[in-house]
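Novice: Before I ask anything, let me first share the structure, which is written out below as structure tokens.
The values are calculated or read from the model by the stated rules, or taken from the named source; none is laboratory data. Just so we're clear, the structure is a prediction, and the values are computed from it rather than from any experiment. Cβ placement follows ideal geometry from the backbone for every residue including glycine, while neighbour counts extend to all protein chains displayed. We work out accessible area using only protein heavy atoms, side chains counted, and drop any ligands, DNA or RNA first. Shrake-Rupley method; radii C 1.70, N 1.55, O 1.52, S 1.80 Å.
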Amino acid sequence: MSRAHRAYVIAMSAIIGGAFAYAACDWGRWPHLIYLPLEGRVVLATTSTVAIHYLGLVAWGLGGACTGAVLGAILCRVRPAPWPASVYRLLGAWAITAIVLAGGYFTWSLWPW
């Protein structure tokens, strides 16, 4: 496997893992960091009506991206021979789909119902 292919697999795995963790932590109500700007505190459970959840979501997304990158590197190490072109296309399609699904989830949650 060439260096470019290995970088592509790792990057696509990171995108898939990051998008999944970013959306899944909100959907699954996983515990995450919440900033309370009126009190100037960072907590794990909101006690105020004014709370910023974005920091915790980004932290989960970064953790998912790191995990995906590590899994992609492990996949490249397990099978170092060149992969078929269809596998690379499939990884790219999954990465695009993950971004669209995560973005669609948060867009849908903006509706007033």
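Novice: Of the heavy-atom accessible surface of segment 59-113 (probe 1.4 angstrom), what whole percent is carbon and sulfur? The partial results should precede the final answer.
Specialist: On the way: 3150 of 3960 Å².
Heavy-atom surface of segment 59-113 belonging to carbon and sulfur, 1.4 Å probe: 79 percent.
Novice: Still on this structure, please answer the following. Report the label-to-label distance for L101 and T49 in nanometres (one decimal), using points 7 Å from each Cα along the Cα→Cβ vector.
Specialist: Label-label distance for L101 and T49, simple model: 3.6 nm.
Novice: Restricting to Cα pairs below 8 Å that are 6+ residues apart, what does the relative contact order work out to for the chain? Please round to a whole percent.
Specialist: Over the chain, the number comes to 39 percent.
Novice: Further question on the same structure: What number comes out for accessible area per residue over the chain if the probe is 1.4 Å? Units Å², please. Each step should come with its number before you reach the end.
Specialist: Values: 7640 Å² over 113 residues.
That works out to 68 Å² for each residue.
Novice: Rank-order 67-76, 43-52 by packing density, defined as the average count of other C-beta atoms within 10 Å over each peptide's residues, highest first.
Specialist: Top to bottom by mean Cβ count within 10 Å: 67-76, 43-52.
Novice: Report, in deg cm²/dmol and to the nearest 500, the calculated mean residue ellipticity at 222 nm for the chain, where each DSSP H run with n ≥ 4 adds -39500 (n - 2.57) and the sum is divided by the residue count. Before the final figure, lay out each step's value.
Specialist: Details: 3 runs with 74 residues, N = 113.
About -23000 deg cm²/dmol.
Novice: When the dipole is taken about the Cα centre of segment 1-107, and only Lys, Arg (+1) and Asp, Glu (-1) are charged at their Cβ, what size is it in debye, to the nearest 20?
Specialist: Working: 7 positive and 2 negative charges, 99 e Å.
Using only the charged Cβ atoms, the result is roughly 480 debye.
Novice: Let me ask another. Would you calculate the separation in nanometres between label points at Y88 and R6, each defined as 7 Å from the Cα along the Cα-to-beta-carbon direction?
Specialist: Between Y88 and R6, the simple spin-label model gives 1.5 nm.
Novice: Tell me, what are the semi-axes, in whole angstrom and largest first, of the equivalent ellipsoid of the chain as set by the roots of 5 times the Cα gyration tensor eigenvalues?
Specialist: Working: eigenvalues 237, 50, 14 Å².
Calculated on Cα positions only, the semi-axes equal 34, 16, 8 Å.
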